Amino acid sequence: MSAGEALASQADFSCLDMPRPRGLGAVQARLVDRIKRVALQRLHRSVRGERLLLRIYLAGEDATERALLDELLPQSPPWLERQVERHLADEQRHVTLFAAALGERGGEGTARLEPDWLSRRKILRWQRLARRYAGHFEHGLLVPAYATGLCAEQMAQRVLSRHCAVIGAEHGLYPLLSQVLADEKAHVRLCQGTLQRIVAPHETVHLARLLKDIRRVDASFGVTGALAMYLAGWVLGGGRGAIR
């Protein structure tokens, strides 16, 4: 083992794991989870509600695909390119699957969807963090890009786990959501492994601060996003029954 590899093996990368909320953060997390569970139950009562959920997923997957193409692939070293391409293939497959499910429910699955206003604001704040922290890393913006990607994948894992738990294995959308969930778990491991390779041991303190700030931004939109989803559930949760 080289000296560099020895140092890397001793570096503390515990910041890559999703931290357990504490104090007011834990209260907020429980509140957001409870509100979103109720909203999901309500939205699944109608085809319109399910179309909204699928559009949200479709927009998220489409945004991830564009980020991989525009941000990660151009600045990835050769050894990372194949990994990014595999990740991109997964996201493109997810787009196809969500578009098909949306089409089955009478929605337009071919149009390119933009993230909602709250998501766009969150992305802008993440981009500002990336520019602020890039100078702390030898690999520059690649590290904030993967750090943001890790947090986004961890968020997707949390969202999909909740959704699967709410609808249960008998629901028609469960196979799709559980399949995407399995991929997102793999993507979390992929991002963690990549960050361990591209972040030098002496840079881990900056990585920990960056991840903390990224997660703080995500949490700051939690209650607002949950309430918006709850309102949508009441608006769209009636009418013609959803596909089972």
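For segment 20-29, the Karplus equation 6.51 cos²θ - 1.76 cosθ + 1.60, evaluated at θ = phi - 60°, returns couplings of 7, x, 10, x, 5, x, 5, 4, 4, 4 Hz by residue, with Gly and Pro reported as x.
Whats the longest run of the chain with zero GluC sites (Glu not before Pro) that are DSSP loop and have at most 15 other Cβ atoms within 10 Å?
Formally, the longest exposed-site-free interval is 1-107.
With both labels modelled 7 Å from their Cα along Cα-to-Cβ, the Glu170 to Leu69 distance reads 4.1 nm.
Helical runs (DSSP H, four residues minimum) scored at -39500 (n - 2.57) apiece and divided by the length of the chain put the mean residue ellipticity at 222 nm at -24500 deg cm²/dmol. Mean-square fluctuations from a GNM of the chain, with a 10 angstrom spring cutoff on Cα atoms, peak among Gly107, Gly193, Gly23 at Gly23. In order along segment 82-96, the phi-based Karplus estimate (6.51 cos²θ - 1.76 cosθ + 1.60, θ = phi - 60°) of 3J(HN,Hα) comes to 5, 5, 5, 5, 5, 4, 4, 4, 4, 5, 5, 5, 4, 4, 4 Hz; Gly and Pro are listed as x.
Compute the relative contact order of segment 27-236 as a whole-number percentage, counting only Cα pairs closer than 8 Å that sit 6 or more residues apart in sequence. Working shown, then result.
On the way: 194 pairs, mean separation 69.9, N = 210.
Worked out over segment 27-236, it gives 33 percent.
For segment 36-43, putting each phi into the Karplus relation 6.51 cos²θ - 1.76 cosθ + 1.60 with θ = phi - 60° gives couplings of 5, 5, 5, 4, 4, 4, 5, 5 Hz, in residue order, rounded to whole numbers and with x for Gly and Pro. Only Cα pairs under 8 Å and 6+ residues apart enter the sum, and on that basis the relative contact order of segment 63-124 stands at 29 percent. A prolate overall shape is assigned to the chain, the ratio a/c of its alpha-carbon gyration tensor axes (a ≥ b ≥ c) being 1.5 or greater and a/b exceeding b/c.
Since every read-out is calculated from the coordinates, none of them should be taken as a lab result. Fair warning: this is a prediction, and the values are worked out from it, not measured in the lab. Cβ: placed from backbone, ideal geometry, glycine included. Neighbour counts: every protein chain shown.
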